[in-house]
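Right, one structure below, let's go through it.
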Amino acid sequence: MGWSVWLDELELTVGDSLERQINEALARSRFGVVVLSPAFFVKDWPQRELQGSQRAKSRPGTKVVLPVWHAVSRDDVLAFSPVLADKLGVPTSRGMDHVAAEIDRALRVAASRPTQTETSEPVVRGVPTASASGTETEDVDATAAVALGMVLRDKGDLARAEVWLRRAVELGNDHALSMLGMVLRDTGQLDEAEGFLRRAVDQGRREALTPLGLVLHELGRLDEATEVLQRAAEPG
């Protein structure tokens, strides 16, 4: 794909200092791909590498750590690190070609952006901002939260989109059920996506039928997928 990659097993030789060589490589690298797995959470040295990546030279608003989720759920990552859970990760459950393509896309998007010292955030009135202490400064508006979730999804920031859409669902917004189901499908959380999309359908949200059918197809339940997609294709 045209990227220069440092991989320890290809670069290190007998007698090298693992920590020094890895830290030097991290200092030279713009990004670090971190594979989050059950083994990662119980071993000390991968976590030191992650800390090194997070301390590496970076500009505000840039992505330094690119997480790959292997055999872990968002809840697993959240229990280990809320900061990491807020970053969109690519699951290996979709295959390594998908993982490679998503990493390549992230690198190309980053390369196309000019250097800057501040980030550009979507602005939606009624959505709370956080104070320095992390507390919300105003009440959440469910409609605005859905709108923000949609904007973040379009930007590719699925982790934050999921957070806002979950808030909207908690506030009883039916449209958020459909949108959250779509975001969960995007991140490979198919079982949970099915649950929210079925709730949306039960609430009369016809736009949830097509993504529900696609989720069922991806889960291998072809008969159910056919039935749901046929309903979606019929006039309302």
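The values are calculated or read from the model by the stated rules, or taken from the named source; none is laboratory data. Values in this document were obtained by computation on a predicted structure and should not be read as measured data. Cβ sites come from the backbone with ideal geometry, for glycine too, and all protein chains shown count toward neighbours.
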Which of the residues belonging to the range 79-95 are surrounded by fewer than 14 Cβ atoms within 10 Å (Cβ to Cβ) and of a type in the set (A, V, I, L, M, F, W, C)? A79, V83
Is it true that R94 is among the basic types (K, R), at pLDDT 85 or above and under 29 Å from V42 (Cβ atoms)? no
Within the range 40-91, can you find the residues that are at pLDDT below 80, in a loop (DSSP other than H, G, I, E, B) and farther than 19 Å from A110 by Cβ? K43, S81
Sole miss for S17 among (1) farther than 20 Å from G188 by Cβ; (2) under 22 Å from the mean Cα position of the chain (by Cα); (3) modelled with pLDDT under 75 is condition (2)
Return the total of residues in the range 176-225 being under 25 Å from L88 (Cβ atoms), without any contact (Cβ under 8 Å) to a residue 60 or more places away in the chain, of a type in the set (S, T, N, Q) and not in a helix (DSSP H, G or I). 0
Please go through the range 146-190 and pick out each residue that is at pLDDT 90 or above and among the hydroxyl-bearing types (S, T, Y). S178
Inside the range 92-106, the number of residues satisfying the requirement of being more than 13 Å from D157 (Cα to Cα), in a helix (DSSP H, G or I) and small (G, A, S) is 3
